[in-house]
Amino acid sequence: MRGKILIFLTALLITALLTAPVMAGEVIEKKMENNVIVVPSVDGFIQELSGTKAQHQISQGEMVCHSRSVWPLTSKIDVTLTWDEHYGDLELYVYTPDDSFVGHYTDLYDSSVRDGMIDIDIRSSTGYLPVGNWKLNVYGRQVSGSSISYSLL
């Protein structure tokens with residue numbers, strides 16, 4: 001009897017180990033029809049190493065459009081949107097150079113804690129990203145006061 005329980009528990013453990021990476025990949029990775037994959041950034045954002053960054057202002061319900069130039073042979077774009085989460089909540093919308101919608105990302109996309117940051121990596125499943133100006137639109141979902149400052153790196 002003890003041997004059967006041990007075999008059952010071993011089989012259960014092996015099954016859990018084999019299915020966990022697949023399930024985790026489905027939660028984190030978002031693959032679109034245009035071969036673009038967006039995942040939470042694996043390199044992490046380090047405030048001290050970010051250098052100079054432009055500060056922008058956004059109001060409640062406002063959409064501010066930014067662009068990021070992608071050159072030939074680029075395989076990844078690292079995008080980091082930061083703000084003081086005590087003063088509001090922002091969202092990030094990503095579009096390819098041909099205006100194909102890639103995805104909509106919130107503060108909880110890259111972590112389970114509201115930290116005033118959306119830190120993502122945009123990659124291609126086929127090697128290189130489409131060349132041109134990618135659109136990174138920031139939306140003021142909830143803003144305390146007249147506006148909130150944010151940085152987009």
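The values are calculated or read from the model by the stated rules, or taken from the named source; none is laboratory data. All values derive from a computational prediction rather than experimental measurement. No Cβ is skipped: glycine too gets one built from the backbone with ideal geometry, and neighbour counts run over all protein chains shown.
Among the residues making up segment 102-116, those that are in a strand (DSSP E or B), farther than 17 Å from GLY61 by Cβ and not hydroxyl-bearing (Ser, Thr, Tyr) are VAL102, GLY103. Within segment 117-142, how many residues turn out to be hydrophobic (A, V, I, L, M, F, W, C), assigned to a loop (DSSP other than H, G, I, E, B) and surrounded by 15 or more Cβ atoms within 10 Å (Cβ to Cβ)? Residues meeting the conditions: 1. Is segment 102-113 home to any residue that is surrounded by fewer than 18 Cβ atoms within 10 Å (Cβ to Cβ) and aromatic (Phe, Trp, Tyr)? The answer is no, given that none of the residues of segment 102-113 is surrounded by fewer than 18 Cβ atoms within 10 Å (Cβ to Cβ) and aromatic (Phe, Trp, Tyr). Yes or no: segment 45-52 includes at least one residue that is at pLDDT 85 or above and either in a strand (DSSP E or B) or under 21 Å from the mean Cα position of the chain (by Cα) (or both). No, because not a single residue in segment 45-52 is at pLDDT 85 or above and either in a strand (DSSP E or B) or under 21 Å from the mean Cα position of the chain (by Cα) (or both). None of VAL102, VAL143, VAL79 is over 23 Å from VAL42 (Cα atoms), in the same structural domain as HIS56 (by TED's automatic domain parsing) and of a type in the set (A, V, I, L, M) except VAL143.
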